[in-house]
């Protein structure tokens, strides 16, 4: 198959018809990986699509990939989430294309926002790193209760609760367009350890 036959575009209202399929693909992907993921409804996904906050991958008229963004704290933070690729279309570099397009959407819609991701997926962490994200503690992510309540549908939510939302099986990653030299802080040793751990997992020198 030629990659040129696959479109990766900003979602339009007409793509809301794929919401049920997207939810199914997200759920099946989580089962295959054996990891937790916050459950989403077709209504939730359709709202992201019609609100101009989603990216779709299409092969002719077939949806084969998806991702979306969500803003928090009045647009100060933006999360990218729900990245999926139809199993029949994997190993084509499609996930990277979707991730890059979703990142582009976030930068266009919220140019001054900090863009973050929480994930258990090493491939997603690697894609994040290539886009300029860095691993961070959860304390550097949004404090919006609505975002964290979205984790309730994840099978690992009890771990997040037991750790007072300081850590879970997910790794937090952040892209800050206004990043400056970090001042020394009490959390710096942990951040350095976390960054080194991620680099080893991703085989980054």
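All of the numbers you see were taken from the coordinates with simple rules; none came from a lab. No experiment lies behind these values; they were computed from the predicted model shown.
How high is the relative contact order of region 3-87, in percent, with contacts defined as C-alpha pairs under 8 Å that are six or more residues apart? Before the final figure, lay out the partial values.
Values: 124 pairs, mean separation 26.8, N = 85.
Once normalised by length, the contact order is 31 percent.
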What are the extents of the Cα atoms of region 3-202 along their three principal axes, in Å, largest first? 52, 34, 34
Antiparallel content of DSSP bridges confined to region 1-151, in %, to 5: 85
Give the separation of the Cα centroids, region 146-181 to region 68-135, in Å. 15
